[in-house]
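Structure first, then comments.
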Amino acid sequence: MAHDVSVIGLYILDILGRPVDRIPSGGNVEFIDEIRLTVAGTAGGTVVDLAKLGLNCLAVGAVGDDEKADFVLATLDRFGIDRSEMQRIAGVPTSASILNIRRNGERPALHVRGASGHFEIPADARERVLAPPIVHLGGTGLLDRLDGEPSRVLLEEAKRFGRTTTFDLLGANDNTLSLIRPLFPFIDYFMPSVEEAMLISGQKTAEDAGRFFADLGVKHCIFTLGGDGVCFLDADGKSLRLPAFEIDVVDTTGCGDAFNAGFIAGLHHRMETETALKFAQASAALVATGLGSDAGITSFEATWDFMNNARVKAS
């Protein structure tokens with residue numbers, strides 16, 4: 001069966017606990033309600049959500065040679081994700097995070113860089129990796145060997161093959177623009193948070209940031225605004241803002257990854273732009289109602305029903 005999407009980049013094991021009000025002093029113990037392990041990351045979280053939304057997915061990334069890798073790969077198998085292009089790298093740990101989730105949904109994290117920083121795509125694998133009609137690259141900034149020129153070559157090749165490309169990053173800083181600027185002409189949908197977009201561009205508003213990236217070659221910008229919704233801008237100057245859904249937030253881990261999955265599912269189903277954005281918002285909202293980056297989403301149909309029936313925040 002042909003794949004619908006190739007999801008390339010950062011694969012992480014998340015260990016999450018909630019609610020965490022404080023770290024116990026000394027060797028003391030505090031009791032919490034819930035602990036979970038999930039496959040996360042700007043590629044890992046997205047590919048799991050895409051599989052739950054019914055797409056046939058190819059996972060492209062790396063894990064280490066440890067017990068964390070066993071969990072990541074078994075989880076991909078459980079969701080029917082093709083992991084034939086996942087690399088298992090000896091001598092390094094699987095990328096992983098420990099997240100202490102506060103009662104308000106905030107998620108301070110401790111992270112081990114691990115295998116994702118040792119991951120690259122050999123030239124003889126590109127045709128397989130870029131075979132699906134949609135190619136998502138997620139995690140730039142933490143993909144040491146894939147970042148920069150290898151990513152530019154990969155995305156340029158994807159466009160040469162006629163693929164639709166979506167792109168997200170992680171850990172934006174003052175050096176991010178120089179890293180990703182060569183990629184922009186090969187990105188169809190650039191999907192960072194608005195905070196990342198403004199930091200990278202040096203602009204003060206989402207609209208100004210969108211114009212900045214459009215001038216550098218990006219075809220469409222989609223900036224997630226957290227509890228304020230989403231802002232869409234394209235190279236022709238069209239802009240659209242949509243509010244977020246009204247929910248009780250449990251944990252915001254993976255909301256951006258879920259948004260990406262929802263929008264990619266919208267592209268796959270050839271939804272109108274506004275509908276695809278609403279579906280992406282619904283996917284992100286559902287994830288925020290539970291613990292971990294795969295919480296809340298159960299199926300395409302349930303997400304579609306939520307989109308059509310849930311209340312949106314007043315503007």
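The values are calculated or read from the model by the stated rules, or taken from the named source; none is laboratory data. Everything quoted here is computed from the prediction, not taken from an experiment. FYI the Cβ positions are ideal-geometry reconstructions off the backbone, even for glycines, and counts take in every protein chain you see. Calculation scope for accessible area: heavy atoms of the full protein, side chains included, ligands and nucleic acids excluded. Shrake-Rupley method; radii C 1.70, N 1.55, O 1.52, S 1.80 Å.
What the table below lists for this structure:
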{"item": "Matching residues, the range 129-158, being part of a strand (DSSP E or B) and either modelled with pLDDT under 95 or open to solvent by 40 Å² or more (accessible area, probe 1.4 Å) (or both)", "result": "Gly139, Thr140"}
{"item": "Residue satisfying condition, being touching a Leu at 6+ places or on another chain (Cβ under 6 Å) and not hydrophobic (A, V, I, L, M, F, W, C), within set Gly210, Gly227, Gly237", "result": "Gly210"}
{"item": "Number of the exception - Gln203 against (1) more than 30 Å from Arg102 (Cα to Cα); (2) part of a loop (DSSP other than H, G, I, E, B); (3) in contact (Cβ under 8 Å) with a residue 12 or more places away in the chain", "result": "(3)"}
{"item": "Residues within the range 50-79 that are of a type in the set (Gly, Ala, Ser), open to solvent by 10 Å² or more (accessible area, probe 1.4 Å) and in contact with a strand residue (DSSP E or B) (Cβ under 8 Å, 6 or more places away or on another chain), tallied", "result": "1"}
{"item": "Subset tally (residues that are under 13 Å from Ala59 (Cβ atoms) and either in contact with a Gly (Cβ under 8 Å, 6 or more places away or on another chain) or in a strand (DSSP E or B) (or both)) for the range 1-26", "result": "8"}
{"item": "So Gly54, is it farther than 22 Å from His136 by Cβ, in a loop (DSSP other than H, G, I, E, B) and not basic (Lys, Arg)", "result": "no"}
{"item": "From the options Val218, Val230, residue that is in contact with a Ser or Thr (Cβ under 7 Å, 6 or more places away or on another chain) and crowded, with 18+ Cβ neighbours inside 10 Å", "result": "Val230"}
{"item": "Test for Leu286: is it at negative phi, open to solvent by 10 Å² or more (accessible area, probe 1.4 Å) and in contact with a Leu (Cβ under 6 Å, 6 or more places away or on another chain)", "result": "no"}
{"item": "Restricting the range 268-281 to residues that are among the polar types (S, T, N, Q) and closer than 18 Å to Asn309 by Cβ, the residue that is least open to solvent (accessible area, probe 1.4 Å)", "result": "Gln281"}
{"item": "Residue identified as without any contact (Cβ under 8 Å) to a residue 24 or more places away in the chain and not charged (D, E, K, R) among Asn28, Asn56, Asn100", "result": "Asn28"}
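Conditions tested, residue by residue: (1) open to solvent by 10 Å² or more (accessible area, probe 1.4 Å); (2) aliphatic (A, V, I, L, M); (3) in a helix (DSSP H, G or I).
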| site | (1), (2), (3) |
| --- | --- |
| Ser178 | yes, no, yes |
| Arg181 | yes, no, yes |
| Glu195 | yes, no, yes |
| Met198 | yes, yes, yes |
| Gly210 | no, no, yes |
| Phe223 | no, no, no |
| Asp248 | yes, no, no |
| Phe259 | no, no, yes |
| Gly266 | no, no, yes |
